[in-house]
1. What does the net charge come to around A430 if you take all other residues with beta carbon closer than 11 Å to its beta carbon, with K and R at +1 and D and E at -1?
2. Compute the distance from the alpha-carbon center of segment 637-674 to that of segment 319-376, in whole Å.
3. Among rounded, prolate and oblate, which fits segment 33-140 when a ≥ b ≥ c are the square roots of the eigenvalues of its C-alpha gyration tensor, a/c under 1.5 means rounded, and a/b larger than b/c means prolate?
4. Rounded to the nearest 20 Debye, what is the dipole magnitude of segment 440-543 about its Cα centre when Lys and Arg each give +1 and Asp and Glu each give -1 at the C-beta?
5. Probe radius 1.4 Å, ligands and nucleic acids ignored: give me the carbon and sulfur share of the accessible area of segment 581-691 as a rounded percent.
6. Towards the positive end of the charge dipole of the chain, with charges on Cβ (+1 Lys, Arg; -1 Asp, Glu), say which of L484, T746, S662 has the farthest Cα.
7. Using Cα positions and a limit of under 30 Å, work out the lysines in reach of K493, with same-chain residues fewer than 8 apart set aside.
8. Which aspartates and glutamates, on any chain, are close to K340 with Cα under 12 Å apart, when same-chain ones fewer than 8 places away are left out?
Amino acid sequence: MKKFLLAILLLTFQISISQDVSVNNVDSPVDWVNPLMGTDSKPSLSNGNTYPVIAMPWGMNFWTPQTGKMGDGWAYTYNADKIKGFKQTHQPSPWMNDYGQFSIMPFTNSLEFTEEGRASWFTHKTEKVTPYYYSVYLADHDVTTEITPTERAAMFQFTFPKTDSAFVAIDAFDRGSYVKIDTKKQQIIGYTTRNSGGVPDNFKNYFVIEFDKPFTYNMVFDGDTLLNTVEREANHVGAVIGFKTEEGEQVHAKVASSFISYEQAFLNLKELGNDDFETIKQKGKDTWNKELSRIKVSGGTVAQTQTFYSCLYRSLLFPRKFYEIDANGDVVHYSPYNGKVHPGYMFTDTGFWDTFRSLFPFLNFMYPELNTQMQEGLANAYKESGWLPEWASPGLRNIMVGNNSASVVADAYLKNKDAYTYDIETLYEAVIHGANNAGPMTAVGRAGAEEYKDLGYVPYDIGINENAARTLEYAYDDFAIYQLAKALDRPNKEIKLYKKRSLNYKNLFDPETGLMRGKNKDGEFMKPFNPFKWGDAFTEGNSWHYSWSVFHDIQGLIDLMGGKENFTKKLDSVFTMAPVFDDSYYGGVIHEIREMQIADMGQYAHGNQPIQHMIYLYNYAGQPWKAQQWVRETMNKLYLPNPDGYCGDEDNGQTSAWYVFSALGFYPVCPATDEYVMGAPLFKKATIALQNGKTITINAPENSEENMYIQSMKMNGETYTKNYLSHTELMKGATIDINMGAKPNTNRGTTPEDAPYSLSNE
């Protein structure tokens, strides 16, 4: 018994030690990525609402195992036990659902080709998931399926048992599809039209599949019926081809697709070249390691290192490339706005309400050249639709609020105007158009634009939902336009107009409660007012969440709230209040409410975007140590490298980019300024390789679980007390040395000069 107890104690000690082991060298960061992080989700509770994306960075096509039914936005859920197919997907989130989707599925013995009939039991124990490679054993069919992708193509490797009944089903899905089998060329071509909106009438995703083994069986299906023919166009069609295989025989399928044509799909297939499966797999690994290695961290725990690189991986997926390379080597795209093929770049599958906050600033920081192409794509979107998208998937979608394309455009130009040139004049025209007009749908342009221009806010009582949220975001967006107008040397009258409009947030501040509140057209605040009521005047949050959405003028907000002491007390109270809520606007508890409730951080709802910057606001009020504490608390508690690793929707890289920035020790509270606001680094050392060839090194050797507070800091050898870092200075390369300790230094960063930018201080 004593020996048994001793063994248990030793095992417990070893586990404890392994969890605290410091990771000091990461040679292959892709090996630290867990694409299953966030996949243990469901509609009622999001732990990320992700699926394992098997793809190249920003790839046009993603691949994922499909456990859900055709058309289910929850295509892959961790608690599922059967796989129905391996799906080419373009889904940005389960709430947006998918488009241009089809699946491939091997099976054996019985010709049960339907989604349920071909489904096979699997276990995560035989599942290998990396960004560049996926493998799983399908128990019902005794088949191992492997996938490795390029940007627009992929190779499958099926390992079959000995059988004369080895099959592969190609399912083009319902709502309009087509397949054709060419037995001589061992090819299948087809198209799928299944989508969730945001597409022109002529939308198709054309796919081509080439096998390296002759078919001994080939039929198409229409719905649930097999047909003895090689071609079919109907609501829901697919193909079934078969082989005779030996034990352990590997059959390969090359797959590519195009939104333009079959001819372009065959061009895209050439991305695979003549490489074998292992070569493509290695190239994919090398590509991911090249990108992930641009930020090297050391001195964190195993879990912290895994979480960091898993979040970095998620930050390199969206917006996806929606352009292709034609026979002349030129960049072309099918327009999801007008259905025509045009020259130039196009990107899609991002919602600016989410991603303007940290994902796009991250791209400006680490990938300015790529983001320049994204800006060219936005200019093309405006030319082809007459509007900048606010949520594109693949074209205009009517969801969320704000006019945050202004922030995305302004931040990119202000950060990179000296290094890159593109059509900023067209983009400025687009931004001004969107800022002054209601669009063809409420999520495009500005709903309530005329009232906002006339009154300085969107009234609560004119039938426009989430009006207070719109007002606050419009005011910030006007600030972004003000900054851009100055940079473009626009007329002084124009510059002053947007500066004035950027102060419109003040119109919703209620002195009685010290919070933001909806206001009626007659100038009276709406009644009754419950600051814990989600929705209504706000978007997926309440007044306690949205009252901090004055990114550009925190000093102005401090003044409204009665000074720094009252401001910081109000910040403190967010974490100390009970997570009470009023869900009457929705008629039930939405998942974002539940995620706040269970996080045990009071009213702090990190699982959704409106409040994610709030922690950093202590820096504006002379208490930076509280930001340091709460940033570390949030990273430790709400992020884990596990299937339940997020605390809400991951949202196309936004929540992941929050972690990446925060782990480095700073965050872009206000895009369209030159500043990042300080938190404190998570790792003992981080080395950042900038695209211009310069390097940023952040040293914090005393960093530990206890030592979370900045004691002192040096920038390039000089004592540095400010609570922010300059983007311009960082781009020159920098060495930042930070002395960390277990107790707050309440004397550092406390003067007005140490505070980050606020419009009121201009």
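The values are calculated or read from the model by the stated rules, or taken from the named source; none is laboratory data. Everything numeric here is computed off the predicted structure, so don't read it as measured data. Note that each Cβ is placed from the backbone with ideal geometry, even for glycine, and that neighbours are counted across all protein chains shown. Ligands, DNA and RNA are stripped out before the accessible areas are found, and what is left, the full protein with its side chains, is counted by its heavy atoms. Shrake-Rupley method; radii C 1.70, N 1.55, O 1.52, S 1.80 Å.
1. Around A430, the surrounding residues sum to -2.
2. Answer, in whole Å: 22.
3. It comes out rounded by the Cα gyration axes.
4. Around 440 debye, computed over segment 440-543.
5. 44 percent
6. T746
7. K383, K415, K417, K453, K506, K519, K521
8. The reachable aspartates and glutamates, counting only those whose Cα sits under 12 Å from K340, are D201, E384.
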